[in-house]
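The values are calculated or read from the model by the stated rules, or taken from the named source; none is laboratory data. Predicted model, so just to flag it, every value in this text is computed and none were measured. Please note: Cβ atoms are built from the backbone with ideal geometry, for glycine as well, and neighbour counts cover all protein chains shown. Only protein heavy atoms, including side chains, enter the accessible area calculation; ligands, DNA and RNA are left aside. Shrake-Rupley method; radii C 1.70, N 1.55, O 1.52, S 1.80 Å.
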Amino acid sequence: MIECRRINKVFKSDILEGPTEVLKDVSFTIKKGETIGFLGANGAGKTTLIKTILGFIKATSGDILFDSHEMGNTREENLQNVGYLPERPYFYPHLKGREFLTLMGKLSRVEKVKFEQAISKWSQRLGIDFALDKQINSYSKGMLQRLGFVSTLIHDPKILIMDEPLSGLDPVGRREFKDVLSEVYRAGKTVFFSSHIVGDVEEICNQVVVLEKGSVVYDGLISDLIKTHSGSKVRFTVRGKVESLMGTSSNSFGNQSTSFLIEQDKKDNFLKEIINKDIDLINMSIENQTLEEVVYKIRKND
């Protein structure tokens, strides 16, 4: 649906500091029907790239290509098919929530009946319906985030582009947002959202783009990333009183069982030792690192 092709962005700074290169040869593709997490530490360049994709700022070099079949041929058509939630959305404080959403529906040229149905559906789904007839300046940060999420959905976009959508939400709000993101994905929408919280991406997405200091260090399946970089280990759980096996450390659970974490290349020898010592094996399982551990390793080695 959207392709970023060798995007570079340099911001001019003052004379003493010189220009700042924020994006460096960034290339990846957002395909139809995918849920893609855009990961990176604060300051990695995620927001700059999202604003570049949407045309709010211009790339120093490179191209943003929209699929004409899916997204239309003009910038106006492109943006009509996008639901966008910025990291720090601005709302007209003296409007009521319903007035703001109605305005968004009209600006998106949605039929009145359709956007009113969408407002009703998504405001209830996101738990903000009770406040729609209150002025926005009385909303909490979490309520504003929910209102903003509703505004991205009322024109039934083909793709959602969201910048840190879970920021500032309490645990209940985070759960509700994740559920809605999963729901719209199952309904055939494409979802692309940035986050510096790796666990949120791992829970929702199957694809990930990792940005580090303005450069893409990974673009692909989360499962492939974990498989390639995790260095899986095998956990053996045995029953009874055992001494250290093969010089490994263990976690003991009373007199019932003891757990050993073994490197993959040593698992066969460890299993033979268990059998030779006539020790009861309760369980053997592969333990992969989490996406968070893998991404941290990539950033550390970059």
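Assorted remarks:
- When VAL172 is tested against (1) modelled with pLDDT under 95; (2) within 21 Å of ALA118 (Cβ to Cβ), just one condition goes unmet, and that condition is (2).
- Selection within region 1-44 - of a type in the set (Gly, Ala, Ser) and either free of Cβ contacts under 8 Å to residues at least 24 places away in the same chain or surrounded by fewer than 22 Cβ atoms within 10 Å (Cβ to Cβ) (or both): SER13, GLY18, SER27, GLY33, ALA41, GLY43
- Which listed residue, of PHE56, PHE91, PHE100, is within 26 Å of LYS141 (Cβ to Cβ) and assigned to a helix (DSSP H, G or I): PHE100
- Conditions (1) among the aromatic types (Phe, Trp, Tyr); (2) modelled with pLDDT of 95 or more; (3) touching a strand residue (DSSP E or B) at 6+ places or on another chain (Cβ under 7 Å): number failed by PHE100: (3)
- Whether a residue is in contact (Cβ under 8 Å) with a residue 12 or more places away in the chain and open to solvent by 100 Å² or more (accessible area, probe 1.4 Å) was assessed, and LYS106 does not pass this test.
- Among the conditions (1) under 18 Å from the mean Cα position of the chain (by Cα); (2) surrounded by 15 or more Cβ atoms within 10 Å (Cβ to Cβ), the only one that ASP170 does not satisfy is (2).
- Pick from region 196-216, criterion touching a residue at least 60 places away in the same chain (Cβ under 8 Å) and open to solvent by 50 Å² or more (accessible area, probe 1.4 Å), ranking: nearest to LEU160 (Cα to Cα): ASN206
- In region 138-167, the residues that are without any contact (Cβ under 8 Å) to a residue 40 or more places away in the chain reach residues that are surrounded by fewer than 22 Cβ atoms within 10 Å (Cβ to Cβ) and of a type in the set (Val, Ile, Thr) with C-beta atoms within less than 7 angstrom, at least six apart or across chains, in these pairs: LEU166/ILE197.
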